[in-house]
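Please treat every number below as a calculation from the coordinates, not as lab data. Please read these numbers as outputs of a predicted model, since none were measured by experiment. Backbone-built Cβ (ideal geometry, glycine too); neighbour counts: all protein chains shown.
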Amino acid sequence: NDIAIGSELSGGVEGVRVRDCCFLNSWGINIKTTDKRGGYVKDVEIRNCSLASVTLRTRIDFNNDGEGAGYLTDISGIRCENLVLHGVTLGSKGERVFIDPIFIDGFADEGASVSDVHFKNIRIVGREDGHMQKISCRNTKDLTLVRHIQSNILTSYLNDMSKYNNLNEIKKTRLVYD
């Protein structure tokens with residue numbers, strides 16, 4: 001139910017398009033690497049989707065064996081538009097697990113980073129326990145948030161995941177264009 005790019009990126013990935021998708025009970029989009037992989041992720045577009053989160057991370061603690069590439073992975077040109085981010089997924093026992101709807105953790109090294117990341121028309125759905133969702137960004141360059149809305153209005157959707165089956169319903173009720 002997720003889309004993952006990485007963690008093995010020694011060659012590179014570019015020109016990825018994810019459009020008109022509804023991810024149920026999943027983590028969403030996860031771009032991941034380690035400080036040993038090298039390679040690149042460029043020109044990724046995520047549009048018109050409903051999902052738990054968009055994650056770009058460089059500090060994973062698995063799949064880090066073997067000889068390193070000698071340089072850090074370049075993650076750039078990530079465009080996310082018209083998304084509904086829930087910040088909740090199901091754990092291994094069916095329990096709700098709250099996660100950051102946007103989580104970006106780039107390399108600490110000055111010479112490398114996650115860069116040129118744009119979010120436009122993003123709705124972050126509030127948690128039903130009343131806590132605010134958070135956007136976590138670290139070691140990121142050229143990050144843009146346009147028309148970001150955080151709302152508790154539609155938390156009732158989280159109580160009945162079956163309502164996510166109709167993408168047209170999600171577009172009409174959850175995306176905000178101002």
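What are the GluC sites (Glu not before Pro) within region 48-147 that DSSP puts in a loop, where the Cβ has at most 15 other Cβ atoms within 10 Å?
Loop-located and lightly packed - GLU67, GLU95, GLU110, GLU128.
Return the subset of LYS36/LYS141; LYS36/LYS120; LYS42/LYS120; LYS36/LYS93; LYS93/LYS120 for which the Cα-Cα distance in this structure is over 24 Å, preserving the input order. Don't skip to the answer; put the middle values down first.
Values: LYS36/LYS141 21 Å; LYS36/LYS120 32 Å; LYS42/LYS120 18 Å; LYS36/LYS93 33 Å; LYS93/LYS120 34 Å.
The answer is LYS36/LYS120; LYS36/LYS93; LYS93/LYS120.
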